[in-house]
Structure formats: C-alpha cells, structure tokens
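Undergrad: What follows is a structure written as structure tokens; I'll ask about it next.
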Amino acid sequence: MKLPATGDSTDHHEEVVEPMRRMSSCVVFCVIVLFAVTASAQQKTEKPFMSVGGNLGLLIGPAFGGGLDLGFDANFFLTDRISIGPWIQLGVASKSVILLTTVNTRYYIDAFDGGPGKKLQPFLQGGLGIEYDKISGAKGDVDFLINMGAGLEYALNDNLYYGTDIMFNTVPTAPFGLFNITWQFASLRYRF
C-alpha cells in the first residue's frame, strides 16, 4: 500500500472541503432569504398565499448533453402577482447528473384583462442558488447558479394550473460561463 505524499493529502482535502464550504454558504443564504420572504408574504397577501408544483421537461447544455428534467417548487405570494420560493431541478442523462437548487422569484404579468384569455397567466422568473453536477469521468462539482426565464400558466380551475416554461441556467464562476437550458413542457401547480 502506497501512502500519499504530504502535499497530496492536503490537496485532496481542499478539493473536498472547498466545494462543501461554497455549498453550505449558498444553502444558508437561500434559507435566510426564504424565511425573510415567507414572513413578509404572511403580512402582505390574503389569497392565494402559497402554491406547490411539479415539473417534467428536458435539460440541454454543452457539458451535460441532453436528458430528462424533473422539478419541484413551492412559491409564497408576496402580492397577487409576485411570488418567491425554492425550486429544485434534477437533470438525468445517460452519463451525467445535475442538481439545481434555487430561490426563485416569479412575476405574473396581467396580459389579459377579461375575456377568454384571462385564464392564461404569462410570467417572468429568475433566481439564485447552487448547482451540483456529476459528469461521467469527472469529479462532482458545486457552483453558484443564476437562472432566468419565462412561462405561461393556464387556470384549469381556481386552484389548479397547467403550464410550461423555459429557463436559462448559468454558472458565472465557471470558465466560459457554464450554462444549460431547461424546458419544463408539463407543469402542474396547486394554489391554496
């Protein structure tokens, strides 16, 4: 059995510890923001207060390739048009896995004033969080993530919404700004 040289052990320790420090800092930041916004939302809006949703889609990116994307989100409404909350996406391809965890804000646009289009709700969204990627042949990595996108929801009734959205996710700290695009072609959301 070959023992590692003195420098090798320290280097390996830093490779493991540094990503964990970055991930811990991002998680703590996201939790603080979420609690602050939740407390604010309880005071400013009557109904709807919260929504939860699940998403099914595709994730495409130069380093990741393409694959299936599953998502879950919970939003707390600050006003009737602005919501904020956690969003988790898991992208799975043949030789890679990517996990995106963000605190996202949505702004619902009042594009249709009455008529049959009033059930359609376009929105803009964006968020900050962390990304974990494990691409075949490389070690897993944790990075800061920024995302932005747009979508459309259709009210099936007062509480149930079907929608679609597209998100541009980028890791600005990576060389050449690592990015991927997610298209959530099937999203179901329940508001209460």
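The values are calculated or read from the model by the stated rules, or taken from the named source; none is laboratory data. The shown structure was predicted, so the numbers you read here are calculated from the model rather than taken from an experiment. Quick reminder, even Gly has a Cβ in these numbers, built from the backbone with ideal geometry, and neighbours come from all protein chains shown.
Undergrad: Looking only at region 78-93, decide whether some residue is more than 22 Å from residue 144 (Cβ to Cβ), at pLDDT 90 or above, of a type in the set (Ser, Thr, Tyr) and in contact with a strand residue (DSSP E or B) (Cβ under 7 Å, 6 or more places away or on another chain).
TA: Yes: one or more hits.
Undergrad: Please determine whether any residue of region 144-167 is out of contact with any helix residue (DSSP H, G or I) (no Cβ under 6 Å at 6 or more places or on another chain), under 17 Å from residue 127 (Cβ atoms) and hydroxyl-bearing (Ser, Thr, Tyr).
TA: no
Undergrad: Is it the case that region 28-48 has a residue that's modelled with pLDDT of 90 or more and either surrounded by 14 or more Cβ atoms within 10 Å (Cβ to Cβ) or under 15 Å from the mean Cα position of the chain (by Cα) (or both)? Can you show your working first?
TA: Step one: of region 28-48, the residues modelled with pLDDT of 90 or more are none.
Checking region 28-48: not a single residue is modelled with pLDDT of 90 or more and either surrounded by 14 or more Cβ atoms within 10 Å (Cβ to Cβ) or under 15 Å from the mean Cα position of the chain (by Cα) (or both).
Undergrad: Can you name the residue in region 68-87 that is over 16 Å from the mean Cα position of the chain (by Cα) and not charged (D, E, K, R) and is also surrounded by the fewest Cβ atoms within 10 Å (Cβ to Cβ) among such residues? It would help to see each step written out before you state the result.
TA: Looking only at region 68-87, we keep the residues that are over 16 Å from the mean Cα position of the chain (by Cα), and these are 77-82.
If we keep only those that are not charged (D, E, K, R) too, we end up with 77-79, 82.
On the way: 77: 22, 78: 18, 79: 11, 82: 18.
Looking at the filtered set, the residue picked out is 79.
Undergrad: If we keep just the residues of region 94-111 that are in a loop (DSSP other than H, G, I, E, B) and under 18 Å from residue 79 (Cβ atoms), which is modelled with the highest pLDDT?
TA: The qualifying residue modelled with the highest pLDDT is 109.
Undergrad: May I pose another question? Give the number of residues within region 53-109 that are under 19 Å from residue 135 (Cα atoms) and among the hydrophobic types (A, V, I, L, M, F, W, C).
TA: Of all residues in region 53-109, those under 19 Å from residue 135 (Cα atoms) come to 58-70, 88-101.
Subset that is among the hydrophobic types (A, V, I, L, M, F, W, C): 58-60, 63-64, 68, 70, 88, 90, 92-93, 97-100.
Selection size over region 53-109: 15.
Undergrad: Of all residues in region 145-189, which are among the polar types (S, T, N, Q) and either buried (at least 17 other Cβ atoms within 10 Å of the Cβ) or not in a loop (DSSP other than H, G, I, E, B) (or both)? If you could, list the steps in order and put the result at the bottom.
TA: So in region 145-189, the residues among the polar types (S, T, N, Q) come out as 147, 157, 159, 164, 169-170, 173, 180, 182, 184, 187.
The answer is 147, 164, 169, 170, 180, 182, 184, 187.
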